[in-house]
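The values are calculated or read from the model by the stated rules, or taken from the named source; none is laboratory data. Everything numeric in this text was worked out from a predicted model, so none of it was measured. Cβ placement follows ideal geometry from the backbone for every residue including glycine, while neighbour counts extend to all protein chains displayed.
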Ligand code: ADP
Ligand code: UDP
């Protein structure tokens, strides 16, 4: 499958059309942004890590009955995926308090939550991705009640799977963001990516951060953290 014209260039990926209207190619870049694009940089090799890690996790989830957009890894950075209409929500799951949750609620970073929590943000760069609730989503028509029920069910299954997977490589899954999309026949698929850009991943013993917080917070060894995740997953 070859790339046709570029449909979209985002902060971390480019999306290309293909000669099959139901498929597109995502191409992962090394560009890194934080704070909604206010901080910019490059993380050498990130695109390869995110592409391979996301594909591997999605292919394992497919085997557990979680439908994803993944079709075929074409190269180190390029992947063929089912084209979906993205539901404009950032779906965030938290197992341990960190980041904006710690700030908003005054809960110390690293505090394990009594149950996993679910948050939605409206995906809109101009508005800084504001947090929203299910009433806002339905009232604004971003998703229906049925869509939200399905998204919620799938999201907790994704969390169960990812927690188990990362525990197996001595990593605690603190929180993560996922996106869903709809195919023309109305099927909801897990789309976008699952990577150190979109998850907080801490070493289970030392609590060393192995994710994009190293870039956001200028902690150093950013590339090393991505390569460490790659090594733990693929050996
Ligand atoms: P952003 O748009 O936030 O800068 P990216 O750089 O990751 O993010 O760009 C990738 C874009 O492709 C995102 O807007 C994402 O929602 C979209 N996308 C992800 N998976 C698919 C898919 N299967 N079909 C269509 N669009 C997708
Ligand atoms: N996240 C993301 N994209 C975003 C916002 C958040 O992938 O635009 C991820 C982030 O990596 C973390 C989780 O969602 O794993 C929760 O992020 P939080 O709300 O704490 O925001 P942040 O502290 O990143 O601003």
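Okay, residues lined up against (1) within 16 Å of ligand 2 (Cβ to nearest atom); (2) surrounded by 13 or more Cβ atoms within 10 Å (Cβ to Cβ); (3) under 14 Å from the mean Cα position of the chain (by Cα):
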{"residue": "1", "(1), (2), (3)": "no, yes, no"}
{"residue": "5", "(1), (2), (3)": "no, no, no"}
{"residue": "13", "(1), (2), (3)": "yes, yes, yes"}
{"residue": "22", "(1), (2), (3)": "no, no, no"}
{"residue": "70", "(1), (2), (3)": "no, yes, yes"}
{"residue": "74", "(1), (2), (3)": "no, yes, no"}
If you check every pair at least six apart or on different chains, which have Cβ atoms under 7 Å apart with a residue in region 1-23 that is within 17 Å of residue 84 (Cβ to Cβ) first and a residue that is away from ligand 1 (no atom under 11 Å from the Cβ) and assigned to a strand (DSSP E or B) second? 14/6; 16/6
Restricting the search to region 203-224, which residues are under 24 Å from residue 59 (Cα atoms) and either within 12 Å of ligand 1 (Cβ to nearest atom) or more than 16 Å from the chain's Cα centre (by Cα) (or both)? 203
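What about residue 201, is it under 30 Å from residue 149 (Cβ atoms) and touching a residue at least 24 places away in the same chain (Cβ under 8 Å)? I'd like the intermediate steps shown before the answer.
Working: under 30 Å from residue 149 (Cβ atoms): yes; touching a residue at least 24 places away in the same chain (Cβ under 8 Å): yes.
So residue 201 passes the test.
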Run residue 41 past the list (1) over 17 Å from the mean Cα position of the chain (by Cα); (2) within 19 Å of residue 68 (Cβ to Cβ); (3) assigned to a strand (DSSP E or B) and report the number of the one that doesn't hold. (2)
Would you check if there is a residue in region 37-58 being at pLDDT below 95 and either closer than 26 Å to residue 214 by Cβ or surrounded by 14 or more Cβ atoms within 10 Å (Cβ to Cβ) (or both)? yes
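To keep it simple, each residue is scored yes or no on (1) within 30 Å of residue 45 (Cβ to Cβ); (2) free of Cβ contacts under 8 Å to residues at least 24 places away in the same chain; (3) in contact with a helix residue (DSSP H, G or I) (Cβ under 6 Å, 6 or more places away or on another chain); (4) buried (at least 18 other Cβ atoms within 10 Å of the Cβ).
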{"position": "87", "(1), (2), (3), (4)": "no, no, no, yes"}
{"position": "112", "(1), (2), (3), (4)": "no, yes, no, no"}
{"position": "116", "(1), (2), (3), (4)": "no, no, yes, no"}
{"position": "141", "(1), (2), (3), (4)": "no, yes, no, no"}
{"position": "146", "(1), (2), (3), (4)": "no, yes, no, no"}
{"position": "149", "(1), (2), (3), (4)": "no, yes, no, no"}
{"position": "170", "(1), (2), (3), (4)": "yes, no, no, no"}
{"position": "174", "(1), (2), (3), (4)": "yes, no, no, yes"}
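With 96, 107, 49 as the choices, which residue is within 30 Å of residue 136 (Cα to Cα) and either within 11 Å of ligand 1 (Cβ to nearest atom) or in contact (Cβ under 8 Å) with a residue 24 or more places away in the chain (or both)?
Numbers: 107 fails: either within 11 Å of ligand 1 (Cβ to nearest atom) or in contact (Cβ under 8 Å) with a residue 24 or more places away in the chain (or both); 49 fails: within 30 Å of residue 136 (Cα to Cα).
The unique qualifying residue is 96.
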So which residues in region 26-40 are in contact (Cβ under 8 Å) with a residue 24 or more places away in the chain and more than 10 Å from ligand 1 (Cβ to nearest atom)? 32, 34, 35, 39
